[in-house]
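Let me begin by presenting the structure, written as structure tokens, before commenting on it.
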Amino acid sequence: MHNERKSVLLVAMPFAGVTIPSIQLAVLEGYCRTQGIIIESRHLYLKAAELYGLQQYHSLIYPPNDSYSAQMVFSRYVFPKHWAKNEDRFREYFHQKSEQNPPLASFSFEDYVHRTDELTQWILDHVDWRSYDIIGFTLNYGQLLPSLAIAQKIKELAPEKIIVLGGSRTVDSLGINVLRAFEYVDFIVSGDGEEALTRLASDYQNYETIPHVIYRKGNQIYYNRSEQGIDLHSVPTPSYDAFYQQLTAAPEEIRRFFQYYGRLPVEISRGCWWNQCTFCNLNIQHPCYREKPVSRIIQEIRWLSERYHMMDFQLIGNPLPKTDYRALFEKLRDLGRDFSFFVEARAGQLTSDDYTLMRDVGFTVIQTGIESFSSNYLRKMNKGARVIDNIAALKFCKENSIKNTYNLLVRYPNEEPVDFEETKKVVHLIQGYLDAPSLCELLVMYGSHIYRHPEQFNVERLDYSPIDLIMYPREYLKKGFAFMYDAKQKTLTQKNPWESLVEEWKKNQEQVTQENLTSPSMIDRLIFSFVDGGSFLKIYDKRDRQNVKIFVLNDLERRVFLSCIDIISYSELRRRFLDVPEYELVAILQSFEQNGLLFVEDDCYLCLPLRSRVQNIQEKKEECLVNISP
Ligand code: SF4
């Protein structure tokens, strides 16, 4: 019996979003099948969205709420005594969140609890978990408590079932501590799951030798730590058949929602080639960076589109490939389909032409890791991008009608007044015409650089977060599986008014958009833009509506200005304008800067107005190069 292959049921619990299916399930299922494992998967967040109601489900997991706190109701099953003692605290937290979120107003705490009961019972009664040997849960941000709740019930009903957890929430020592804390969990897979899950199913008796597996033996926990990651060439195209089957059984509202807003995830890489931002903990899950070949990505997108009649995709990879991104865009464009894509990108990587290509390919929404408009702050974050790179990314998005849903990350424990003051100056330049960010307060993530070196960031100690202190009994938190922490400052610093800065920007943006919405004129809609007259150039500046300006540049000024469409260094500018006396070039640049037409950082220059006719710009840049050659 021992040598028999084991069958696997893979589960993704709430509170994952319903806009994109779980890629973890799809990839693991596809891989294990190719290895001859009997495996099925259940996307149970779909059922949760049905039972809570789609609108309420979204209100629970999207700002101002989030999927991490949405899971708190499952504490009732995992820690029943803690729940009974603290029910009022749970209720109060829920009410506080509901007040900030009108759609939750008609959804009471009692509804929240009652529907969670219904969901739990439905899973136990209707998911055919009894037919499988291994029940595997993939865990992201908000899925630990829901997964533990179901795992515990299954183990009570059928102790012979093998419970496996894996995903970002249980990597490395988090996984070790989860295994130590919850005896009904049998294994944790830390890092890439394909091989580990396959071997658990096919070679179970030798689990002690399987890389990436954390297991219990007697009272001891062992971790077969491995730095080796799977070769992405060997990962088959993910299968979303199970997701679509389960979607078909969902109510009309959810099916329709997915038809309109759903996207299929396509994995393009694992890990991050930069891997140095001080707040980020991606490295603990994927210590080595790997890319999927462009030809494979293209093949997958074509296949997925044909199979599921899908046109909208989310490229999963943080961030875009280091070098092959342009080849990827060109091949996507050459497919000649009306696809749309979402991707996360790094500032400082792409040029204005890359963004235009992205627009042509169908990148309608992207998220750039902007994080700050202060060079001092960016250094603390070790972003490897400058303020000028951030402005360039937003400018290129705006002129190509690509929406950028970016964040400003604030409240580092070593935040200084200069971080705010620098940001304020930049915001003053760009708030009239570039889109406002969302604010994101720093939480110290397990495994991040700040977590490992708090002393470098004015941190006296790391405390459990308020929501963890509600969801988990303190004695459990002490076992060391908290995912994020509140940093308590060593030296108290002044709190900068980020909220009012961003609120004002948003208000301004809304007002301007309303005013110009119906205008047929590009000049009105772009607010701050230029048109090129061949031997002169006109800039329309309506950032300050009380003081509208029009600048007319002469031929030399025009050529200098057009040279700064992409970020350019002073030495490169000088090389291009050898025939112009240096004092004259400097005077032009200074006058651009003084009039807010140019952003300067580290002797690099970027013109700020938007190109009103993006399609001609490559020709113009080339023409300038010809004209100005010595
Ligand atoms: S924040 Fe983004 S760019 Fe920075 S290390 Fe993490 S994944 Fe990489």
Checklist outcome for this item: Result for the range 418-461: accessible area per residue, probe 1.4 angstrom, in square angstrom, of 45 Å²
Item to check | For the range 455-610, convex hull of alpha carbons as volume per residue, Å³ | outcome: 219 Å³
Next on the checklist: If every alpha-carbon in the range 376-501 counts as one equal scatterer, what log10 I(q)/I(0) does Debye give at q = 0.12, 0.19, 0.20 1/Å?
Outcome noted: -0.56, -1.11, -1.18
Checklist outcome for this item: Excluding near-sequence neighbours (fewer than 8 apart on one chain), the range 303-433 holds lysine pairs with C-alpha atoms under 24 Å apart numbering 22
Checklist entry - What 222 nm value per residue comes from the helices of the chain, counting each DSSP H run with n ≥ 4 as -39,500 (n - 2.57) and dividing by all residues, nearest 500 deg cm²/dmol? => result -13000 deg cm²/dmol
Next on the checklist: What does the net charge come to around residue 397 if you take all other residues with beta carbon closer than 10 Å to its beta carbon, with K and R at +1 and D and E at -1?
Outcome noted: +2
Checklist entry - Taking Cα pairs under 8 Å and at least six residues apart, what relative contact order does the range 283-404 come out at, in percent? => result 22 percent
Checklist entry - Once both axes come from the Cα atoms, what is the angle between helix 582-594 and the longest principal axis of the chain, in degrees from 0 to 90, rounded to 10? => result 60 degrees
Checklist entry - Within the accessible area of the chain, what % is carbon and sulfur when the probe is 1.4 Å and the other protein chains stay in place? => result 48 percent
Checklist outcome for this item: Over the Cα atoms of the range 286-365 the radius of gyration and the largest Cα-Cα distance (Dmax), both in Å, equal 12.4, 36
Item to check | Debye equation applied to the C-alpha atoms of the range 12-88, log10 I(q)/I(0) at 0.12, 0.15, 0.19, 0.26 Å⁻¹ | outcome: -0.46, -0.66, -0.87, -1.13
Checklist outcome for this item: Fraction of alpha-carbon pairs in the range 147-293 farther than 28 Å apart, rounded to whole percent, equals 34 percent
Next on the checklist: Per-residue counts of other Cβ atoms within 10 Å, averaged by peptide: what ranking do you get for 479-492, 424-437, highest first?
Outcome noted: 424-437, 479-492
Next on the checklist: Accessible area per residue for the range 232-333 in Å², computed with a 1.4 Å probe and the full protein assembly in place, what is it?
Outcome noted: 46 Å²
Checklist entry - Which of the trypsin sites (Lys or Arg not before Pro) found in the range 92-151 are loop residues per DSSP with 13 or fewer other Cβ atoms within 10 Å of their Cβ? => result none
Checklist entry - Taking Cα pairs under 8 Å and at least six residues apart, what relative contact order does the range 105-183 come out at, in percent? => result 30 percent
Next on the checklist: Rg and Dmax in Å for the chain, alpha carbons only: what are they?
Outcome noted: 26.7, 87
Item to check | lysines with Cα under 17 Å of residue 538, excluding same-chain neighbours fewer than 8 positions away | outcome: 549, 620, 621
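The values are calculated or read from the model by the stated rules, or taken from the named source; none is laboratory data. Keep in mind the model is a prediction, meaning the values are calculated, not measured. Counting neighbours? That spans all protein chains shown, and the Cβs are built from the backbone with ideal geometry, glycine included. Heavy atoms of the whole protein, side chains included, go into the accessibility calculation; ligands, DNA and RNA do not. Shrake-Rupley method; radii C 1.70, N 1.55, O 1.52, S 1.80 Å.
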